[in-house]
1. With all pairs of different alpha carbon atoms counted, what Kirkwood hydrodynamic radius in Å does region 177-331 show?
2. In µm²/s, what is D for region 150-193 at 4 °C and 1.567 mPa s, where D = kT/(6 pi eta Rh) by Stokes-Einstein and Rh is the Kirkwood radius from Cα pairs?
3. Please list 3J(HN,Hα) in residue order for region 75-83, calculated via the Karplus relation 6.51 cos²θ - 1.76 cosθ + 1.60 where θ = phi - 60°; whole Hz, with x for glycine and proline.
4. Return the distance in nm (one decimal) between the two label points of a simple spin-label model at Phe284 and Arg466, each offset 7 Å from Cα along Cα→Cβ.
5. Suppose the chain between Ala341 and Phe241 were pulled fully straight at 0.36 nm per residue; how much longer would it get relative to their current alpha carbon spacing?
6. Multiply the residue separation of Leu189 and Ala217 by 0.36 nm, subtract the distance between their alpha-carbon atoms, and state the gained length in nm to one decimal.
7. Neighbour counts of other C-beta atoms within 10 Å: give me His147, His57 arranged from fewest to most.
8. In which sequence would Trp256, Trp272 go, from the one with the fewest C-beta neighbours within 10 Å to the one with the most?
Amino acid sequence: GGFPRGGGGWARTFFAAAAVAAGVWFLAEWAHVRWDVNFDYDTGLYHAQAVRWLNEHGSVFGLGNLHARLGFNSLWLVVAAVVDNGVWDGRSEWVMPALLLGGAGAFLHELCFARRTGERVFAGCVLGWLMGAIAGRVGLSYDVPAHLLGAMAVLPAFRLAMGEGRAGLPLFLCAGAFTIKPVMAVPVLFCAALSFWTRAKGHRGAGEWARVFLPAAAIGAVWVARNVVQTGFPLYPLPAFRLPVGWAMDAENARWNYAAVRGWARLPGAEWLESLRNGFAWWFKPWLAANLGGGRFPPLILLPCSLAACFWGQLVAGKTRAGGRRGTALFFGAWPAAALAYWFVSAPDARFAGAFGWVLLGTVFLFLIPGDKGLREIGGLLDNATARRSCRLLAAMCVVYVCGRTAMSGGRSLLTVGTMTAYPAKRQVVGETHPVSVWAPNWTREDGGTSDQTGDTPLPSTPSPRGFELRKAGDLSAGFRAAGTD
């Protein structure tokens with residue numbers, strides 16, 4: 001029994017049909033949700049503005065001076081800017097989450113057709129995380145895309161360690177994940193080390209080394225170059241190595257932004273600054289209490305890491321054979337473990353941890369179940385024609401139900417696609433030598449506080465209308481500089 005491994009066959013046909021059905025369901029459910037049910041705060045804070053800047057002016061010198069968050073350089077927002085045109089103009093917030101379905105399809109394919117049982121279990125772990133991460137959400141947040149690419153690199157890396165697969169693919173995927181969000185720095189280092197070890201062991205020529213490392217290096221070089229253009233800091237948001245260029249952000253502004261991200265991740269709220277001043281012993285206990293009672297920490301970190309500790313404990317204690325590759329197993333266990341350690345030290349917000357916990361759990365099964373037995377009989381159930389027809393009928397009924405519910409639901413329409421909204425804002429003039437008129441938020445949140453979101457307000461807009469001016473009078477495309485810069 002089991003899924004056939006060759007081309008054609010009913011299993012691959014069923015997989016393709018299920019993928020199409022899932023795509024229809026996803027687009028019907030998510031692509032027509034109104035702005036007021038958007039849970040992604042940062043899309044209204046700066047994502048929508050970043051997309052608008054890219055489409056209207058491209059990469060702008062000193063953009064981080066206008067708003068420190070606009071200096072964040074993410075490949076995901078670049079792709080969103082490409083998508084946000086034509087019939088999808090102003091709609092990338094709804095369209096981009098649909099791209100994550102491609103990642104779900106990749107792991108679903110591994111779950112069905114991977115040769116090793118451990119690979120299937122790994123795919124199942126990541127797939128479970130991904131479905132929970134994208135369910136019911138719209139927005140341009142790039143936490144999930146970065147973690148998705150990082151998780152997609154694990155199986156190619158594992159196969160490379162087993163002497164199979166393409167050498168450059170894992171490093172390329174991890175480099176792409178890093179340019180979406182730098183929290184993926186540790187996976188990049190592990191992939192680079194693995195690629196170096198496999199190339200050195202095989203005594204490869206210069207051409208082979210170039211094919212493995214140059215694509216990833218090119219991605220990294222473009223990311224650094226855009227950082228320099230937008231902020232003057234090559235590794236922004238890391239406030240180090242400020243270059244002596246006229247558009248560089250003020251060093252104190254960059255440090256404050258970096259501190260705000262780290263402090264808010266520890267204790268979101270009024271005490272975030274105290275968490276930086278008072279040290280680990282002061283902030284850890286309230287951080288732990290808040291996370292244990294939160295909605296993200298238990299499923300993202302506590303549950304998978306607790307299970308992973310049990311299984312990895314068996315492997316490390318020698319109670320299992322690790323497929324005869326104990327050293328390789330420890331390497332793949334250290335990969336997500338080190339990533340989690342880096343997350344905790346840098347910015348321990350549960351959403352930033354993403355898939356690390358589930359990757360840590362999934363990787364242990366690559367070595368606990370190294371062969372192709374153990375789960376094949378599950379796939380064999382679908383060898384029965386009646387079972388296959390029943391599955392197809394059930395899938396069709398689910399699609400019809402969800403599409404029908406979406407079409408008849410109040411506040412939704414299959415014929416109306418939402419667009420990103422411009423929030424209430426007021427004009428304000430900033431700067432002296434080369435002043436610029438900007439839009440600043442002018443509305444109050446439901447909790448009574450003053451909002452810092454502008455949404456898709458026309459350019460330029462900022463929640464911090466101070467400390468900057470145009471580089472060239474009357475020319476937004478020339479960019480911005482810190483106030484007082486000659």
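1. In region 177-331 this quantity evaluates to 19.7 Å.
2. 129 µm²/s
3. After applying 6.51 cos²θ - 1.76 cosθ + 1.60, I find 4, 4, 6, 5, 4, 4, 5, 5, 5 Hz.
4. Once both label points are built, they end up 3.7 nm from each other.
5. Values: separation 100, 0.36 × 100 = 36.00 nm, distance 2.45 nm.
Computed gain between Ala341 and Phe241 is 33.6 nm.
6. Numbers: separation 28, 0.36 × 28 = 10.08 nm, distance 1.24 nm.
So the chain would gain 8.8 nm between Leu189 and Ala217.
7. On the way: His147 30, His57 16.
Listing His147, His57 from fewest to most nearby Cβ atoms yields His57, His147.
8. Listing Trp256, Trp272 from fewest to most nearby Cβ atoms yields Trp256, Trp272.
Just so you know, all these numbers are worked out from the coordinates, no wet-lab data involved. Model, not experiment: these values are computed from the prediction. We place every Cβ from the backbone using ideal geometry, glycine too, and count neighbours over all the protein chains shown.
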